[in-house]
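The values are calculated or read from the model by the stated rules, or taken from the named source; none is laboratory data. As the structure is a prediction and not an experimental result, all values here were calculated from the model. Note that each Cβ is placed from the backbone with ideal geometry, even for glycine, and that neighbours are counted across all protein chains shown.
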Amino acid sequence: MTGSQSSRLIIIRGNSGSGKSLLAQSIRAARPRGVALLGHDTLRREILHVRDRPQALSVAYIDMSARFALDNGLDVVVEGILHSEIYGDMLTQLQRDHRGATRAFVYELGLEETLRRHRTKTLAAEVSEEQVSSWYRESDRIPELGEIVFDADASASDALAQVLAEVGWGEAE
């Protein structure tokens, strides 16, 4: 078991450019202390510098990092593409082991909306639309997580309000 009855674990998944990082940063801004933000890109690409594949070091590293933060009194936001076949078992087990509230969210946007949002990112200069298209998945849910779906109609502020309400934080503090 990991965390406490009062800890929160928030999982945010979805295609590249869908709004995951913005939502995670908005959660952090709403709760500036006590929230560990575990970004898939940061841990996998920048720290470990490994490819995303089954049994990649990033799977165990995200799991270990989340458990460490939860066990040391922090709430945790795990965000990233986090493809189901690579991260699904780990995220499901983490949810099962977490003593507190766990909520999972997944962005499901059409390819055109995904590319439109990608064009607004600084990363667009180094990651082509062809690359983003090659990574795109229409749907990649992990049924065991009971993910709440955000579609193209969900604004950033609506998504934030729903996440905060789902984990019992209500308004930003």
State whether one or more residues within segment 5-21 are exposed (fewer than 15 other Cβ atoms within 10 Å of the Cβ) and of a type in the set (A, V, I, L, M, F, W, C). no
Given Gly170, Gly73, which one is of a type outside the set (D, E, K, R), surrounded by fewer than 16 Cβ atoms within 10 Å (Cβ to Cβ), assigned to a loop (DSSP other than H, G, I, E, B) and modelled with pLDDT of 95 or more? Gly73
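Going by what's in this entry, would Ala101 be described as in contact with a strand residue (DSSP E or B) (Cβ under 8 Å, 6 or more places away or on another chain), free of Cβ contacts under 8 Å to residues at least 40 places away in the same chain and either farther than 16 Å from Gly14 by Cα or buried (at least 23 other Cβ atoms within 10 Å of the Cβ) (or both)?
On the way: in contact with a strand residue (DSSP E or B) (Cβ under 8 Å, 6 or more places away or on another chain): yes; free of Cβ contacts under 8 Å to residues at least 40 places away in the same chain: no; either farther than 16 Å from Gly14 by Cα or buried (at least 23 other Cβ atoms within 10 Å of the Cβ) (or both): yes.
No: the conditions fail for Ala101.
Would you mention how many residues in segment 1-19 are modelled with pLDDT under 95, touching a strand residue (DSSP E or B) at 6+ places or on another chain (Cβ under 7 Å) and over 17 Å from Gly88 (Cα atoms)?
The initial filter retains those residues of segment 1-19 that are modelled with pLDDT under 95, namely 15-19.
Still in the list and also touching a strand residue (DSSP E or B) at 6+ places or on another chain (Cβ under 7 Å): 15, 18-19.
In the following step, the residues that additionally are over 17 Å from Gly88 (Cα atoms) were identified as 18-19.
Going through segment 1-19 one residue at a time, the tally reaches 2.
Mind listing just one residue for me: the one in segment 104-138 that is of a type in the set (Val, Ile, Thr) and either part of a helix (DSSP H, G or I) or out of contact with any strand residue (DSSP E or B) (no Cβ under 6 Å at 6 or more places or on another chain) (or both) and, of those, surrounded by the fewest Cβ atoms within 10 Å (Cβ to Cβ)? Reasoning before the result, please.
Initially, segment 104-138 is screened for residues of a type in the set (Val, Ile, Thr), giving 106, 114, 120, 122, 127, 132.
Now restrict to residues that are either part of a helix (DSSP H, G or I) or out of contact with any strand residue (DSSP E or B) (no Cβ under 6 Å at 6 or more places or on another chain) (or both): 114, 120, 122, 127, 132.
On the way: Thr114: 25, Thr120: 9, Thr122: 7, Val127: 15, Val132: 21.
Ranking the candidates gives Thr122 first.
It is to be established whether one or more residues within segment 20-28 are among the β-branched types (Val, Ile, Thr), within 24 Å of Leu109 (Cβ to Cβ) and touching a Lys or Arg at 6+ places or on another chain (Cβ under 8 Å).
No, that holds for no residue.
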Could you tell me whether segment 48-63 includes any residue that is part of a loop (DSSP other than H, G, I, E, B), in contact with a His (Cβ under 9 Å, 6 or more places away or on another chain), among the hydrophobic types (A, V, I, L, M, F, W, C) and modelled with pLDDT of 95 or more? no
Kindly evaluate Arg33 against the criterion of being assigned to a helix (DSSP H, G or I), of a type in the set (Lys, Arg) and surrounded by fewer than 24 Cβ atoms within 10 Å (Cβ to Cβ). no
Quick one: which residue in Ser133, Ser84 is over 19 Å from Ser6 (Cα atoms) and at pLDDT below 95? Ser133
What single numbered condition from (1) without any contact (Cβ under 8 Å) to a residue 12 or more places away in the chain; (2) surrounded by 16 or more Cβ atoms within 10 Å (Cβ to Cβ) fails to hold for Asp63? (1)
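Specify which of the listed residues (Arg96, Arg141) is at pLDDT 95 or above, part of a helix (DSSP H, G or I), in contact with a helix residue (DSSP H, G or I) (Cβ under 9 Å, 6 or more places away or on another chain) and among the basic types (Lys, Arg).
Numbers: Arg141 fails: part of a helix (DSSP H, G or I).
Only one candidate qualifies: Arg96.
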Looking only at segment 99-134, count every residue that is acidic (Asp, Glu) and under 16 Å from the mean Cα position of the chain (by Cα) and tell me the total. 1
Subset of segment 69-85 (residues that are out of contact with any strand residue (DSSP E or B) (no Cβ under 7 Å at 6 or more places or on another chain), over 14 Å from Arg137 (Cα atoms) and not small (Gly, Ala, Ser)): Asn72
